[in-house]
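Reviewing the structure listed below.
The values are calculated or read from the model by the stated rules, or taken from the named source; none is laboratory data. Everything numeric here is computed off the predicted structure, so don't read it as measured data. Neighbour counts run over all protein chains shown; Cβ positions are idealised from the backbone, glycine included. All accessible areas refer to the heavy atoms of the entire protein, side chains included, with ligands and DNA or RNA removed. Shrake-Rupley method; radii C 1.70, N 1.55, O 1.52, S 1.80 Å.
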Amino acid sequence: MRAVLVDIDGVLTVSWRPLPGAVEALREIREAGLAVLLVTNTTSRTRAAIAGTLADAGFPVSAEDILTAPAATAAYLAEHCPGARCALLNSGDIAEDLDGVTVVDPADTGAAPDVVLVGGAGPEFGYEALDRAFGQLQRGARLVAMHRNLYWRTAEGLRLDSGAFLAGLEQAARVEAEITGKPARAFFEAALARLGAGADQAVMVGDDVESDVLAAQRAGVTGVLVRTGKFQEETLRAADGTPDHVIDSFADLPALLRGSGQQ
């Protein structure tokens, strides 16, 4: 193995607080000479803000070590929808990571946007905002979503994410969203390209069996599921595939990479 792709929320941290042993494990992996990239569907913070929070907690990372769904979305739109006017539905300020993307004012009643761009859920996902997006889709806008996550883990428990609202928009408007973050194959390919590694030289560590682990395996990457974050045994049993490895936490990853971990 040459490269390790790591989800952040639920793997390294919960509510941005480090999980036991995570800081030490990441340091050990780096000291072993493996390339590391943190790959996250987080849409509430920029790469710089995430890096700052993680560094303050002791993780040996910088903004260059992070690939976010918003950053991947900017690259996707530049390639597939150059110059598109985008109506953004998201919780959090991610403008810095949407470099080159033209975001229109939601109150703009002029020309309809070319793209309805869905990020992460929060208070902004009220009836008025969703109904406005529905109308824009009916008028021909493309639906682009940064991810399909249904929920994520916080210190208070599971919280509903935008995937639940996205499914409703797709069914109501009879359109299919174009996904730019995990589980899109292109997201994993972009991560591997950043590290200069082939799929057969990399592992992906995540707490979401579908979006993190099985999606990575479909891209040829070895998948490692952790029993932290949003992990639930019933979700694993109902999954449409089997992870290559299941470990208790990220703290167990160095042992697994050394060949002494247990599936």
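Among the residues of the stretch 187-197, those identified as in a helix (DSSP H, G or I) and open to solvent by 10 Å² or more (accessible area, probe 1.4 Å) are 189, 190, 192, 193, 194, 195. In the stretch 100-112, the residue that is least open to solvent (accessible area, probe 1.4 Å) out of those that are modelled with pLDDT under 90 and touching a helix residue (DSSP H, G or I) at 6+ places or on another chain (Cβ under 8 Å) is 112.
Considering the stretch 120-144, the residues that are of a type outside the set (Phe, Trp, Tyr), open to solvent by 50 Å² or more (accessible area, probe 1.4 Å) and part of a helix (DSSP H, G or I) include one that is farthest from residue 206 (Cα to Cα), namely 138. Pairing residues of the stretch 198-221 that are over 13 Å from residue 246 (Cβ atoms) and open to solvent by 30 Å² or more (accessible area, probe 1.4 Å) with residues that are part of a helix (DSSP H, G or I) and of a type outside the set (S, T, N, Q), at Cβ distances under 7 Å and at least 6 apart in sequence or on separate chains, gives 218/185; 220/199; 220/200.
Of the numbered criteria (1) surrounded by 21 or more Cβ atoms within 10 Å (Cβ to Cβ); (2) assigned to a helix (DSSP H, G or I), the one residue 147 fails is (2). The residue of the stretch 156-169 that is modelled with the highest pLDDT, among those that are more than 19 Å from the chain's Cα centre (by Cα) and open to solvent by 30 Å² or more (accessible area, probe 1.4 Å), is 168. Listed by position, the strands (runs of 3 or more DSSP E) inside the stretch 1-98 whose residues that are more than 29 Å from residue 125 (Cα to Cα) and open to solvent by less than 30 Å² (accessible area, probe 1.4 Å) number at least 1 are 3-6, 35-40.
The one condition from (1) loosely packed, with under 15 Cβ neighbours inside 10 Å; (2) on the phi < 0 side of the Ramachandran plot; (3) not in a helix (DSSP H, G or I); (4) not hydrophobic (A, V, I, L, M, F, W, C) that residue 181 does not meet is (1).
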